[in-house]
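Quick notes on the structure that follows.
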4 protein chains.
Amino acid sequence: MAGNSFGQVFRITTFGESHGVALGVIVDGCPAGLPIAAEEIQRDLDRRKPGQSALTTQRRESDRVQILSGVFEDLTTGTPIAMVVHNEDMRSQDYAATKDLFRPGHADFTYWKKYGRRDYRGGGRASARETVARVAAGAIARKLLAAQGIAIIGYVTQVGPVKITKKDFSAINQNALFCPDADAAEAMANVIKEAQAKKDSIGALVEVVAQGVPAGLGEPVFDKLDADLAKAMMSINAVKGVEIGDGFRVVELRGSQNCDPITPKGFTSNHAGGILGGISNGDEIVVRLALKPTSSIAIEQDTIDIHGKPAKIATKGRHDPCVGIRAVPIAEAMMALVLADHFLRDRTSQMERL
Amino acid sequence: MAGNSFGQVFRITTFGESHGVALGVIVDGCPAGLPIAAEEIQRDLDRRKPGQSALTTQRRESDRVQILSGVFEDLTTGTPIAMVVHNEDMRSQDYAATKDLFRPGHADFTYWKKYGRRDYRGGGRASARETVARVAAGAIARKLLAAQGIAIIGYVTQVGPVKITKKDFSAINQNALFCPDADAAEAMANVIKEAQAKKDSIGALVEVVAQGVPAGLGEPVFDKLDADLAKAMMSINAVKGVEIGDGFRVVELRGSQNCDPITPKGFTSNHAGGILGGISNGDEIVVRLALKPTSSIAIEQDTIDIHGKPAKIATKGRHDPCVGIRAVPIAEAMMALVLADHFLRDRTSQMERL
Amino acid sequence: MAGNSFGQVFRITTFGESHGVALGVIVDGCPAGLPIAAEEIQRDLDRRKPGQSALTTQRRESDRVQILSGVFEDLTTGTPIAMVVHNEDMRSQDYAATKDLFRPGHADFTYWKKYGRRDYRGGGRASARETVARVAAGAIARKLLAAQGIAIIGYVTQVGPVKITKKDFSAINQNALFCPDADAAEAMANVIKEAQAKKDSIGALVEVVAQGVPAGLGEPVFDKLDADLAKAMMSINAVKGVEIGDGFRVVELRGSQNCDPITPKGFTSNHAGGILGGISNGDEIVVRLALKPTSSIAIEQDTIDIHGKPAKIATKGRHDPCVGIRAVPIAEAMMALVLADHFLRDRTSQMERL
Amino acid sequence: MAGNSFGQVFRITTFGESHGVALGVIVDGCPAGLPIAAEEIQRDLDRRKPGQSALTTQRRESDRVQILSGVFEDLTTGTPIAMVVHNEDMRSQDYAATKDLFRPGHADFTYWKKYGRRDYRGGGRASARETVARVAAGAIARKLLAAQGIAIIGYVTQVGPVKITKKDFSAINQNALFCPDADAAEAMANVIKEAQAKKDSIGALVEVVAQGVPAGLGEPVFDKLDADLAKAMMSINAVKGVEIGDGFRVVELRGSQNCDPITPKGFTSNHAGGILGGISNGDEIVVRLALKPTSSIAIEQDTIDIHGKPAKIATKGRHDPCVGIRAVPIAEAMMALVLADHFLRDRTSQMERL
């Protein structure tokens, strides 16, 4: 109800603020018997971790995860898995000067309006630091999916005007941008540095695909697989658009151009992005998300304070110049959470399979 | 769980198939004391109704709604409001010949895989006819919102290559396309007829705005207002993309271009589309959705039958050549459902307001 | 949220008032492929139907159920099953005289306080007539359970001071009281007639057992099987107490008297009522519920009107002198709904069984 | 879905095992602006704490709670409140010898059947130690209710054959049994010691009342206030029966004996226990729960091992001889959680109050 839970059968509830004691998550509904080691979760957390290159925020967090429950002798027990990550490198003083100001493009103003108060330190709950909990939970979902032969891969396809021209999945983890095109990665890095030099930031496009998804996942009408993916992706900080398969291109297409003919060997194209009528069709699932340029910029902007008086603000703190980069492991986590949930939900679709 | 419910506090559950006995909805959680007359609901249903122009399907349905419960002496009582619309103009025989074939671009194949069987008549539950229930429920949500000074307006902004060049809201209900640009409407109609003449179909872009939304609606993290809107819109048949405010344009923008400065008089621009950190900021909420061209086309396509054998199919039946048109009242309904739910959810945000 | 839904995976949502147009239910989450005929549902409804003996209300309702969706060619399709029962024998005029009075022991006063208004005709939504929808849904749950070898049997064990002294299940449907002891049934009937003669009513005790339930159903901590059964039973009109196995007797027992030793052949006793730690242990599940005497009595009582002024009321209308009798099929339905839901929920407990 | 969450608007999710790293809870949906200090929560935890008298388990836990999120400058912020209690005095070796045996009366057997494995140390998740999380969350609910003038008081009314003969609320915290009758408390203590001396245990009856509850809380049909209370109480370890107001006594009562007449000054009696039609009527809410004698007894019992072979077991470990005593603060917490949730849910019942 208050919006901090996600999923129905594989269900997570997260907590924590940017400058609070700790962030964490409870994963409820994970079947018993899944092998889980803290190191596996750490691996995904490390991909999301700040301070790893000149292109991301310089906040230094070890982001060490601790499993508090639900795992016994390295196997899930079927009971809730609680995980916690303590905050370490907080510089709350960075925020003291602006604690009564609303940073444009941020949730400062809206949290204030909603709750009548706010934890102003680093954006509090609205900070992208919250996603550390999603990635920890996503690592478990990913493990569950891997046992079913499902893999999830995310990558940056565009930064500002620079688009990839090839998809070499082996390149993704070879550069700091999760980019499947080594050449484009370089150009993207330059665009980011350029923006940074001007105290500015830049937007990005991220694509996530799921391979090996069986046909039949997703529920009709409201909890369509694409609807849940859209929600999952749009819930990530800074995302302003989500599309599946051909996405916005369909507006200009004719039916004969957009349809995917079916043959005994499968679909001959994948305009649909792997989903028909809200249910997976066995093809690769393809989702793209548009991430706005970081709102925290060092250029001075107009704003008001909590008393409604006009003010100027130039965000200091430590920020990613392009939030799209670190969104990659987060988007993968969200895709994993949606698929794990729908995989489990689908277990009761047919009498024959009970 | 099975995906036929939407909303948390203002919650609807729908039922019904394209060629079944009836379609309907239960609205649970509507506060007591809202004036409701069947005619008001009918008004919205009539906007969605098929067979109203040459540009939509020729299926003739009166779509008369009957209220079965929850309203007494013209006021809601706080108990569930059940509404039902009986099917009338079914030509199930149109589907007899193709009952063992999977129509490309449709849910035939995926429902078969999920459930091991399907109601093949007119797509069964996967038919867009299902949305009649959403529109009926949306009419009540809209009434609730109107009492709070919130209005919702949807319209077509693009059909194939034709884009609107102005937004004259008074024009929207003056043409069969819900288009706020009378000239563009004519050009759009021509594009549709052209596609139809070639047994083909065409995509469309729809925009929905909400005016008068107070700041503070939406929940943090997962149930962000934009996340729920994205799910709501993506759950509509044929939608392949959803964006908020600047949407996919943000990819190429810099932070200084995308931010909305704040002044004592409000935001000086609305790149954000009225939502910051998942919570409404008091500005107009702006959502766009991309609708694919109708998958049911009379051009012959490759497919397989339920035994996996190759076959050819040219969909007959009666279909909209551009599903985007009739999506307008549906998208308005979904926007109303999301906002009504979040308006009610927000009632418990602050101790001061309990 | 508004309380008209029950269950998580096998989930029902009901609607309807005592004197409204119709009552009904949407069953969502029933697996595809379950054979369902309207006659099977009717069979359960007929057991609950009013006017069947001198011991129950004389309201005459045929209670014919119509299936509106979700069943195709006599099998469930996996989509929502909507069922509706129209009201026929309403005498709303019976309530005109008391429409401004609160009947003691009824929900009149509390609905008024909660909603600021109420449908006074026959108790509106608070009427036990609402349970017709539960029984219809329960019939489908029962069918699902039967396919797993699970059977549910309910019966009256006490009316006023008269208790059964034997449990002959074959006798249950041979008398108007669902009593497994023919002799006790006669004595119970006399107690009821006696109360009726004095314009009064009488309480009753109902027991429901489930046979064939496999070990492992139920979720830890909050959604324990017994916790969900307690909620299910307490949600039935007039129920004031629920117990499992030895129930309230445990207060006076020692651990050595209350424990059920385990042997390779199973438990040697069933003090636990088939549930340990909230999870079924494979033994018979035993639940008892206490039903208060009907609050609608023809003896004059003190009350107030909606303006707070004192008044006298002697309920007329047509009422069961012992609501416990007709509670039997309702309690069976609720037990079936809980077990069907937990059976489906348990499908994802173990990786090995996915 | 997996049963570790409770409540709809004021919603908690708990985690943790008896001998794991820590136990804890996330409270989601608490309105912003509620003053909360860790000491207040500690106060309630201390009442539940083990090792406080000879009548309870000798396990020594400081049960220090740490708030990880959701509170800023001593006020709730509206975001999730996570609390954690670390385990300290674990003697897991006590369980090594019986790790392959199922303790009769415990969840050992049923968890094994459900999950195919189990954390055998101290009962794992099924241990009553889990309730530390409920009490922590309940303390916040209680604070919220206190701001509305609602108070909750629990006490023991019977241990084995010894019943209280008076209710002196000031006595409750003056004895180790939470007993409102000092004399009865002594007799109860003797009954417990007697059972203990014989390596046995004893049952108990607990009553919880809520004062100051306004009329109108509770939702119709399934989420009745009494139904949710029944679930809440039955979900507590060892509870086998729940009743409201007159409870099981109603079976033998006539309508004229059980009804509560209404006068301009209120109800003249409270047979109903403060709830009519599932909604609070403004009177005191009265709930009673029956707790079975502790299943862990040192008397040897028959059981089997995980391979199905017969065995003998006499539980060692450290256990409460009468679990009913420490159930008092737990039952209070559950009552507080139900009322806080329904108080918030009721905020949207009427258009006039939005």
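The values are calculated or read from the model by the stated rules, or taken from the named source; none is laboratory data. For clarity, every value in this text was computed on a predicted model and none was experimentally measured. Methodologically, a virtual Cβ is constructed for each residue, glycine included, from the backbone with ideal geometry; neighbour enumeration extends over all protein chains shown. Side chains included, ligands, DNA and RNA excluded: accessible areas come from the protein's heavy atoms. Shrake-Rupley method; radii C 1.70, N 1.55, O 1.52, S 1.80 Å.
Table for the structure above
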read-out: Region D:211-317: trypsin sites (Lys or Arg not before Pro) falling in loop per DSSP and having at most 10 other Cβ within 10 Å; value: D:K265
read-out: Alpha carbon centroid spacing (whole Å) that separates region C:167-221 from region B:144-193; value: 63 Å
read-out: Accessible area buried at the C-B interface, both sides summed, 1.4 Å probe (Å², nearest 100); value: 3200 Å²
read-out: The protein assembly as shown - accessible surface per residue (Å², probe 1.4 Å); value: 30 Å²
read-out: Theoretical FRET efficiency, 1/(1+(r/R0)^6), r = Cβ-Cβ of B:Q66 and D:A147, R0 56 Å, to 0.05; value: 0.80
read-out: Exercise: per-residue mean of other protein chain Cβ atoms within 10 Å, B:289-296; value: 6
read-out: For residues of B:136-147, the mean tally of beta carbons on other chains within 10 Å; value: 0
read-out: Among D:T76, D:T263, D:T131: highest mean-square fluctuation, GNM of chain D, C-alpha pairs under 10 Å; value: D:T263
read-out: Size of electric dipole in region C:87-168: Cβ of Lys, Arg +1 and of Asp, Glu -1, about Cα centre, debye, nearest 20; value: 280 debye
read-out: Position C:E194, label points 7 Å along Cα→Cβ, spacing to each other copy in nm (shortest first, one decimal); value: 3.7, 9.0, 9.7
read-out: Nm distances between copies for B:E352, ranked from closest, using label points 7 Å along Cα→Cβ; value: 2.7, 5.7, 6.1
read-out: Label point 7 Å beyond Cα along the C-beta direction, distances from B:Q148 to other copies (nm, shortest first); value: 2.0, 3.6, 4.0
read-out: Probe 1.4 Å - accessible area at D:S127, Å² to nearest ten; value: 20 Å²
read-out: Residue-averaged 222 nm ellipticity for chain C, from DSSP H runs of 4+ at -39500 (n - 2.57), nearest 500; value: -8000 deg cm²/dmol
read-out: Loop-located GluC sites (Glu not before Pro) in region D:3-76 whose Cβ has at most 12 other Cβ within 10 Å (DSSP); value: D:E73
read-out: Region B:53-112-region D:305-335 distance, computed between alpha-carbon centres (Å); value: 55 Å
read-out: Cα lying deepest toward the dipole's positive end in region B:5-353, options B:G245, B:L291, B:T110, charges on Cβ; value: B:T110
read-out: Per the axis that maps chain A onto chain C, nearest residue of A (Cβ criterion) and its distance in Å; value: A:R347, 2
read-out: Most mobile of A:A210, A:A333, A:A32 in a GNM of chain A (Cα contacts under 10 Å); value: A:A32
read-out: Heavy-atom accessible area order for A:E207, B:E284, largest first, 1.4 Å probe; value: B:E284, A:E207
read-out: Chain C: most fluctuating residue of C:L145, C:L34, C:L55 per GNM, C-alpha cutoff 10 Å; value: C:L34
read-out: Test item: B:327-339 mean partner chain Cβ contacts at 10 Å; value: 0
read-out: On Cα atoms only, tilt of C:323-345 relative to the major axis of chain C in degrees; value: 40 degrees
read-out: Test item: Cα-centred dipole of the protein assembly as shown, Lys/Arg +1 and Asp/Glu -1 on Cβ, debye; value: 0 debye
